[in-house]
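See below for the structure under consideration.
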Amino acid sequence: MMELKNEDYEANEGRSRVREDYVPQPTALERIPHQNFIGTVVEIVSGDHIIIVADDSFKDSSEHEYEVLLSSISCPKSGGGGVEPEAYAYEAKEFVRALLIGRQVHVELEYSRKHGIENMKTYHHGSVFLVTALDSQNVSELVVAEGLATVLKRDDIEVVSNYYDALCNAESSAILNKKGMHSGVDPPVMDIKDVSDATWQEAGNASNHIFLYLYGKYNKVPAVVESVIHTNSRNKIILFIQQYGQTWRIAFSLYGVIWPRDEEPYAAEAFRLLRRTILQRRVEVELSTNHPIDYDGYFVGTLLLESNTHVAIPLLQAGLAKWKESIPKALMTTNFDKAQKSERTKKLKMWEKKMEGEYPEGTYDYELDKAQKSARTKKLKMWENYVEPSYQCTGAVEGDI
């Protein structure tokens, strides 16, 4: 059936034989013939709405993001703007997030359609395949088979997936096995305790229910990065945490990492790389023992990717961030900095066995320092005007206020 419909469309478009007088109806839809690419999934908007960047332009400043809507299926709406999410919207989005985020996929674009007021935004519709060493899986089929999407009943070739029959078979199986939306049972309502805009005191009270403090440090807690928000003063990381039978949404800030802000050079590029590195990824959260919560109500500490890599490493390697040693902000004065450099140069006390910039191998400090040194040596981005300092320290350090 699909082959016949495709041939019918091509005959119309090619004005062949008896259809040479065919005039297409005005539409906001445009067919995309034979456009395939390999890309990396960078965001899941909903169960049927995926943002993908083509691999050949992934690290280029002119990179192009494709907003791909999965052809011929519909997942429950996620809500927003005062509208409550539909049943199974979270489950559909989470299923696709866990399956695809950060992974390489094969994309077959089928058509594009303009949406919104005066058709200002164009979305691409197509099929997305997760390719492994063993096989290739159609993501649309997987979502439908779990009962987390329905197949649209449309006959127009311009809006029907090339894999429509397979989608219908997957839906029949989901209905037969009473999966997801076809089970007749709504999923449990999620009670989210949102402290992402909390005061310092409110965040402090919440921390006692999320993070356990033992033997002089906080335990690591698993989380998912829900969003990364660019503000005038800092980049706000929103974490989604399920811990001890409760669900929390918190604001988080990386401790000891500095990157360009506002109108500073490379600010947009740094934000984009940070977002690409951590958005919707599963991470481990470790609070700072010195400053676990700041005056804005942000939790402060370290985020680790599933590979146990500090999330700041890619930014440091690209020269889009700088790392400072863990010194309380109140002590970061000119006198303190000079005194510390003097002690370090003369290898006094705690510095006696430490070379300049040396940290125990395998620690987060070591990896951060190594990434920063690499970018500094190559004079990348924030380091392009860097000049290696020379210290001449003698005796007492005079104040320079």
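Figures for the structure shown
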read-out: Rg to Rh, two decimals, where region 152-231 supplies the alpha carbon set and Rh follows Kirkwood; value: 1.24
read-out: Ranking of Thr289, Thr302 by count of other Cβ atoms within 10 Å, fewest first; value: Thr289, Thr302
read-out: Net +/- balance of residues flanking Ile51 in space, Cβ distance below 10 Å, scoring K and R +1, D and E -1; value: -3
read-out: Sorted by Cβ density within 10 Å, fewest first, the residues Phe252, Phe95; value: Phe95, Phe252
read-out: Cα-centred dipole magnitude for region 212-326, charges only on beta-carbon of K, R (+1) and D, E (-1), debye, nearest 20; value: 220
read-out: Per DSSP, loop chymotrypsin sites (Phe, Trp or Tyr not before Pro) in region 267-313 with at most 13 further Cβ within 10 Å; value: Tyr295
read-out: Order of Lys220, Lys121 under a 10 Å beta carbon neighbour criterion, fewest first; value: Lys121, Lys220
read-out: Under 5 Å, built H, 5+ apart or other chain: amide partners of Gln242; value: Trp248
read-out: Net lengthening on full extension, Asn169/Ala87 (0.36 nm per residue, minus Cα-Cα); value: 27.2 nm
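Throughout, read-outs are computed from the coordinates displayed, never taken from laboratory work. Bear in mind that the values here come from a model prediction, so they are computed numbers and not experimental data. Quick reminder, even Gly has a Cβ in these numbers, built from the backbone with ideal geometry, and neighbours come from all protein chains shown.
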